[in-house]
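K.L.:
What follows is a single structure, and I will ask about it in a moment.
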Amino acid sequence: MSFKIPELNNPSVCMRDPQRVQDILMSMQKSGSNTLQVISDFDMTLTRFAYEGKRCPTCHNILDNSKLISNDCKEKLKELLNTYYPIEIDSSRSIEEKLPLMVEWWTKAHDLLVEQRIRKDLLATVVRESEARLREGFQLFFNHLHEHSIPLLIFSAGIGDILEEVIRQAGVFHSNVKVFSNYMDFDESGVLKAFKGELIHIYNKREGALLNTGHFQELRTRPNVLLLGDSLGDLTMADGVQDMENILKIGFLNDKVEERKQSYLDSYDIVLVKDETLEVPNAVLLYLTDCCLIYSIS
Ligand code: TMP
Ligand code: MG
């Protein structure tokens, strides 16, 4: 099949139904970029999974590996990661089975972080000294959305304060970006005392979306959605969108590729296998905003 977007022929791209992808893309392009909104996960979707053979940190890992955490606590957080991450990506367990275990992981991790009396004024330094890495092509992604006034919702089960700092330091925290995430609550002396509001974990993004009807109400003139995620839990991030017309779901499959490929192909329209770049989402965006020519000559 010949695509209008040549990047869809990249070796990392897998699709169960290329014709459906083509149809959705054409319908979205016809509607125009003023009907588009983008909803993206953060960890391992906008950030890299690995760099030079080494795993890159999630928002939580940025804190866990930092000087703000005692060695004893680091050990406990690592134990949690070693216990629960394999469950997160285990394709033999259902989401229903994983859900209470994910709540357990997030709750235990947040309780440990609160015990560390983390100072708000040190977060920027911790992020600067970390190995956090946005995916290649992130400038084009964020800047293009901003230039075209397309709203970007970053919907993350990570830590909002850390995530914001990562994109601020990268110079891409533009005015069109909104974040739903777990935010830290500090006492009057700037020490972490709790996490605010309802916990967002990897499998309750639907509930998080439905709590934020105001945001989706504001965007009701944008019924076309580009969704980016790396977990099957990310598929519900757009459940709050009102009067949706089209949705194109792009999923990064970073880990346990063989076991998980079929389930990703069944639920994401485009699956990017071990692709550390935003090349394909960027090409899709350029197509949807009629900028293919600029893209091909730049
Ligand atoms: P995301 O919704 O932005 O992808 O963030 C969720 C990721 O955070 C998920 O892949 C698991 C990861 N995580 C950690 O790395 N450490 C932790 O302590 C917790 C609770 C989650
Ligand atoms: Mg993720």
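The values are calculated or read from the model by the stated rules, or taken from the named source; none is laboratory data. Please read all numbers here as calculations on a predicted model, not as lab measurements. Backbone-built Cβ (ideal geometry, glycine too); neighbour counts: all protein chains shown. Surface areas here come from the heavy atoms of the whole protein model, side chains and all, with no ligands, DNA or RNA. Shrake-Rupley method; radii C 1.70, N 1.55, O 1.52, S 1.80 Å.
K.L.:
Give me the accessible area per residue for segment 152-285, probe 1.4 Å, as a whole number in Å².
P.N.:
On a per-residue basis, 37 Å².
K.L.:
Which residue fluctuates the most in the chain, going by a Gaussian network model with Cα springs under 10 Å, if the choices are Tyr203, Tyr84, Tyr264?
P.N.:
Answer for the Gaussian network model of the chain: Tyr84.
K.L.:
Let me ask something else about it. If you add up the charges near Phe180, with Lys and Arg at +1 and Asp and Glu at -1, over every other residue whose beta carbon is less than 13 angstrom from its beta carbon, what do you get?
P.N.:
Values: positive: Lys178, Lys196, Lys205, Arg206; negative: Asp41, Glu164, Glu198, Glu207, Asp234, Asp239.
Once positives and negatives cancel, what remains is -2.
K.L.:
Let me ask something additional. Kindly write out, for segment 224-240 in residue order, the coupling ³J(HN,Hα) from the Karplus curve 6.51 cos²θ - 1.76 cosθ + 1.60 (θ = phi - 60°), rounded to whole Hz, with x marking Gly and Pro.
P.N.:
9, 10, 9, 10, 10, x, 10, 10, 5, x, 6, 5, 9, 4, 9, 5, x
K.L.:
Compare Ser33, Ser92, Ser12 in a GNM of the chain, Cα atoms joined below 10 Å, and give the one with the largest fluctuation.
P.N.:
Among Ser33, Ser92, Ser12, the largest mean-square fluctuation in the Gaussian network model of the chain belongs to Ser92.
K.L.:
What value in Å³ per residue do you get for the convex hull of the alpha-carbon atoms in the chain?
P.N.:
Spelled out: Cα convex hull of the chain, divided by residues, is 134 Å³.
K.L.:
Sticking with this structure for a sec: Please report, in debye to the nearest 20, how large the charge dipole of the chain is about its Cα centre when each Lys and Arg carries +1 at its beta carbon and each Asp and Glu carries -1 there.
P.N.:
Here the size comes out at about 300 debye.
K.L.:
May I ask for the angle, rounded to the nearest 10°, between helix 18-31 and the longest principal axis of the chain, with both axes built from Cα atoms and the value confined to 0 to 90°?
P.N.:
90
K.L.:
Okay, moving on. Looking at segment 123-196, what % of its DSSP beta bridges pair antiparallel, to the nearest 5?
P.N.:
Of those bridges, close to 40 percent are antiparallel.
K.L.:
Computing the accessible area with a 1.4 Å probe over protein heavy atoms, can you report the carbon and sulfur percentage for the chain?
P.N.:
49
K.L.:
When the dipole is taken about the Cα centre of segment 71-202, and only Lys, Arg (+1) and Asp, Glu (-1) are charged at their Cβ, what size is it in debye, to the nearest 20?
P.N.:
Computed about the Cα centre, the dipole is about 220 debye.
K.L.:
Next question. Take every DSSP beta bridge whose two residues both sit in segment 49-205, then give the antiparallel share in percent to the nearest 5.
P.N.:
Antiparallel bridges make up about 55 percent of those DSSP assigns within segment 49-205.
K.L.:
Taking a probe of 1.4 angstrom, what is the accessible area of Glu164 in Å², to the nearest 10?
P.N.:
40
K.L.:
Right, something else. If you plug each phi of segment 273-281 into the Karplus form 6.51 cos²θ - 1.76 cosθ + 1.60 with θ = phi - 60°, what whole-Hz ³J(HN,Hα) values come out, in order, with x for Gly and Pro?
P.N.:
After applying 6.51 cos²θ - 1.76 cosθ + 1.60, I find 8, 6, 10, 8, 10, 9, 4, 6, x Hz.
K.L.:
Taking the chain as a Gaussian network, Cα atoms linked when under 10 Å apart, which of Gly190, Gly160, Gly229 shows the biggest mean-square fluctuation?
P.N.:
The residue that fluctuates most here is Gly190.
K.L.:
Also, quick follow-up: For the chain, give the share of DSSP beta bridges that are antiparallel, in percent and rounded to the nearest 5; count only bridges with both residues there.
P.N.:
Details: 9 of 33 bridges.
Taking every DSSP beta bridge within the chain, about 25 percent pair in antiparallel fashion.
K.L.:
Further, regarding this structure: Where does the charge balance sit around Val13 when Lys and Arg score +1, Asp and Glu -1, over other residues with C-beta under 9 Å from its C-beta?
P.N.:
-2
K.L.:
Right, next: First select every other residue whose beta carbon is under 13 angstrom from the beta carbon of Ser33; then total the charges, Lys and Arg +1, Asp and Glu -1.
P.N.:
The answer is 0.
K.L.:
Give the total of Lys-Lys pairs in segment 62-192 with Cα-Cα distances below 25 Å; include a pair only if its members are 8 or more places apart or on different chains.
P.N.:
16
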